[in-house]
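Asks: Have a look at this one before I ask anything.
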Amino acid sequence: MTYATFYLLIGHKWGCVIILSCSLCVAAMPLLMRWKKSAELAGNFLALTLTLGFTGLCCCEGGLNGHAIAWLVTVPLCALLLAGRKSAQWWAVISFSAASVIAGIDLAGIKLPVTYAPEWHSVVSSAGYLGLILFLFILGLIFEVGRARAFTKCRMRWRNWRLPTGGWCI
């Protein structure tokens with residue numbers, strides 16, 4: 001919501017619409033999970049939302065000259081954590097393809113528009129890249145907390161089995 005508000009304040013209407021649309025889709029994920037009882041489906045829906053959102057932002061923030069293309073890297077990682085390895089492989093291909101199309105457009109000499117005032121470019125790029133760093137850190141933290149819990153649970157389970165000296169729970 002912070003990005004949507006910021007985009008609205010600087011007159012970046014397309015960015016605001018894309019961010020709000022994606023936010024609504026992400027907010028609908030718990031309902032989708034309860035309705036279909038599938039974390040994999042919800043993970044794939046999130047990956048679709050991210051891919052469409054970041055590709056859309058590329059198309060209205062200057063393509064390769066904007067920050068949104070860097071966010072496409074998050075799609076396969078989110079898919080891996082939420083939908084599994086097979087889905088993540090497909091989303092890696094899809095996000096790579098989306099980025100390739102954006103790059104191909106630029107290489108063909110077609111410049112995608114920037115739909116906000118040029119004086120905001122440094123602020124928009126800074127917010128985008130700094131947000132990406134925070135997002136990936138939080139995602140890594142969530143993964144690490146889950147891994148540590150699983151390792152502790154595994155160790156506690158094996159503690160009762162009297163592992164030989166030097167034994168590890170892997």
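Asks: Taking only segment 91-103 into account, find how many residues are aliphatic (A, V, I, L, M), open to solvent by less than 40 Å² (accessible area, probe 1.4 Å) and closer than 21 Å to ILE19 by Cβ.
Replies: 3
Asks: Take SER38 and tell me if it is farther than 16 Å from ALA98 by Cα, surrounded by 15 or more Cβ atoms within 10 Å (Cβ to Cβ) and of a type outside the set (A, V, I, L, M).
Replies: So SER38 does not fit the description; no.
Asks: Looking at segment 144-170, I want the residues that are at pLDDT 80 or above and have a partner that is open to solvent by less than 80 Å² (accessible area, probe 1.4 Å) with Cβ atoms under 6 Å, at least 6 apart or on another chain. Which pairs are those?
Replies: As it stands, the answer is CYS154/CYS169, since those pairs meet every condition given.
Asks: While we're on this one: Is it true that some residue in segment 65-86 is farther than 27 Å from SER122 by Cα and of a type in the set (Lys, Arg)?
Replies: Yes, because at least one residue in segment 65-86 is farther than 27 Å from SER122 by Cα and of a type in the set (Lys, Arg).
Asks: Using beta carbons and a limit of 8 Å, which pairs, at least six apart or on different chains, have the first residue in segment 73-84 and closer than 14 Å to SER97 by Cα and the second one crowded, with 19+ Cβ neighbours inside 10 Å and among the β-branched types (Val, Ile, Thr)?
Replies: Note: pairs meeting the criteria are VAL75/THR51.
Asks: Is it the case that some residue within segment 17-25 is small (Gly, Ala, Ser) and open to solvent by 50 Å² or more (accessible area, probe 1.4 Å)?
Replies: yes
Asks: Quickly run through segment 1-16 and pick out the residues that are of a type in the set (A, V, I, L, M) and either without any contact (Cβ under 8 Å) to a residue 12 or more places away in the chain or surrounded by 15 or more Cβ atoms within 10 Å (Cβ to Cβ) (or both).
Replies: Passing the criteria: ALA4, LEU8, LEU9, ILE10.
Asks: Counting just the residues of segment 104-143 that are small (Gly, Ala, Ser) and within 14 Å of PHE54 (Cα to Cα), which one comes out surrounded by the fewest Cβ atoms within 10 Å (Cβ to Cβ)? I'd like the intermediate steps shown before the answer.
Replies: Going through segment 104-143, the residues small (Gly, Ala, Ser) turn out to be 104, 108-109, 117, 122, 125-128, 131, 140.
Remaining after also requiring within 14 Å of PHE54 (Cα to Cα): 125, 128, 131.
Details: SER125: 17, GLY128: 18, GLY131: 14.
Within segment 104-143, the match that is surrounded by the fewest Cβ atoms within 10 Å (Cβ to Cβ) is GLY131.
The values are calculated or read from the model by the stated rules, or taken from the named source; none is laboratory data. Every value quoted in this text rests on a predicted model; they were computed, and no experiment measured them. All Cβ positions, even for glycine, are placed from backbone atoms using ideal geometry, and neighbour counts span all protein chains on display. Heavy atoms of the whole protein, side chains included, go into the accessibility calculation; ligands, DNA and RNA do not. Shrake-Rupley method; radii C 1.70, N 1.55, O 1.52, S 1.80 Å.
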